[in-house]
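The block underneath contains the structure these notes are about, expressed in structure tokens.
The values are calculated or read from the model by the stated rules, or taken from the named source; none is laboratory data. Given the structure is predicted, the values throughout are model-derived calculations rather than measurements. Counting neighbours? That spans all protein chains shown, and the Cβs are built from the backbone with ideal geometry, glycine included. Heads up: the accessible areas ignore ligands, DNA and RNA and are worked out on the full protein's heavy atoms, side chains in. Shrake-Rupley method; radii C 1.70, N 1.55, O 1.52, S 1.80 Å.
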Amino acid sequence: MTRIGILSDTHSFWDERYAHYFAECDEIWHAGDIGSLEVADRLAEIKPLRAVCGNCDGGDLRRMFPELLRFRVEDADVLLTHIGGYPGRYDPRVRDKLYASPPDLFVCGHSHILKVQYDKTLRLLHINPGAAGMTGWHKERTIVRMTVDGKTFKDLEVITLGDNNTRL
């Protein structure tokens, strides 16, 4: 079993509670718009970090992290990207990849909208952890934790970090 912490859209914002909530995880996944090398480095100090760059990430982060990352955890095939859309409305950048070879788990960010949804057509679990940072129009900051056990995803928790008081 592998315990995973998932977040997205930190936009350079650091919250000490990331370290608290991800301390018991085996890995941390960041679905883009990290915002700064400092945030990436601090996450990687907690646990091994898998991350993708987002549309707001600059040159250093783009050199460090790909736009699309496909990997295995336990027996599960995982696809991680920033702009991905939702079941039935996947973004054109990933749609063909998803339909040609569906992963077991598809994780993306970008929308700042928390969503956990099973795609019956592709038979995959879709997770958007919402936004963990302060930049954006979202009302609540959220992160997700879950366990991967073979090809099974369980013990999924949504953690609300509080209101987002900063508006663009």
I'd like the carbon and sulfur percentage of the solvent accessible area for the chain, probe radius 1.4 Å, heavy atoms only, ligands and nucleic acids excluded.
48
Given a 1.4 angstrom probe, what's the average accessible area per residue across the range 105-146, in square angstrom?
39
Amide hydrogen neighbours beyond the local backbone of residue 36, cut-off 5 Å, H modeled:
12
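Order 137, 29, 14 by their accessible area, 1.4 angstrom probe, all chains in place, largest first.
Working: 137 155, 29 0, 14 45 Å².
So the residues, ranked largest to smallest area, are 137, 14, 29.
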Collect residues whose amide H, placed 1.01 Å from N in the peptide plane, falls under 5 Å from the amide H of residue 51; neighbours closer than 5 in sequence don't count.
30
Taking a spot 7 Å from the Cα of residue 100 along the direction of its beta carbon, which residues of the range 24-68 have an amide N less than 20 Å from it?
66-68
Name the shape class, rounded, prolate or oblate, that the alpha-carbon gyration tensor gives for the range 45-112, where a ≥ b ≥ c are the square roots of its eigenvalues, rounded holds for a/c under 1.5, and otherwise prolate holds if a/b is larger than b/c and oblate otherwise.
oblate
Excluding ligands, DNA and RNA, what is the solvent-accessible area per residue of the range 16-63 at a probe of 1.4 Å, expressed in Å²?
46
Can you list the residues, at least 5 places off or on another chain, whose amide H is less than 5 Å from the amide H of residue 86, using H built in the peptide plane?
91
Run down the aspartates and glutamates and flag those whose C-alpha is under 17 Å from the C-alpha of residue 97, throwing out any fewer than 8 positions away in its chain.
67, 77, 119
What are the trypsin sites (Lys or Arg not before Pro) within the range 85-127 that DSSP puts in a loop, where the Cβ has at most 16 other Cβ atoms within 10 Å?
120, 123
Once you have a ≥ b ≥ c as the square roots of the Cα gyration tensor eigenvalues for the range 68-152, tell me rounded if a/c is under 1.5, and otherwise prolate or oblate according to whether a/b is larger than b/c.
oblate
Once 134, 64 are ranked on solvent-accessible area with the largest value leading and a 1.4 Å probe, the list reads 64, 134
Spin-label model distance (nm) - residue 163 vs residue 2, 7 Å beyond Cα toward Cβ:
3.9
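Which of rounded, prolate, oblate describes the range 30-84, given a ≥ b ≥ c as roots of the alpha-carbon gyration tensor eigenvalues and a/c under 1.5 marking rounded, otherwise prolate only if a/b is larger than b/c?
On the way: a/c = 2.48, a/b = 1.31, b/c = 1.89.
It comes out oblate by the Cα gyration axes.
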Out of all DSSP beta bridges with both ends in the range 1-157, state the antiparallel percent to the nearest 5.
65
What value, in deg cm²/dmol to 500, does the helix sum -39500 (n - 2.57) over DSSP H runs of n ≥ 4 give at 222 nm once divided by the residues of the chain?
-5000 deg cm²/dmol
Where does each of 114, 61 land when they are ordered by accessible area, with a 1.4 Å probe and the largest first?
114, 61
Going through 47/139; 115/154; 115/139 one by one, the pairs whose alpha carbons sit over 19 Å apart turn out to be 47/139
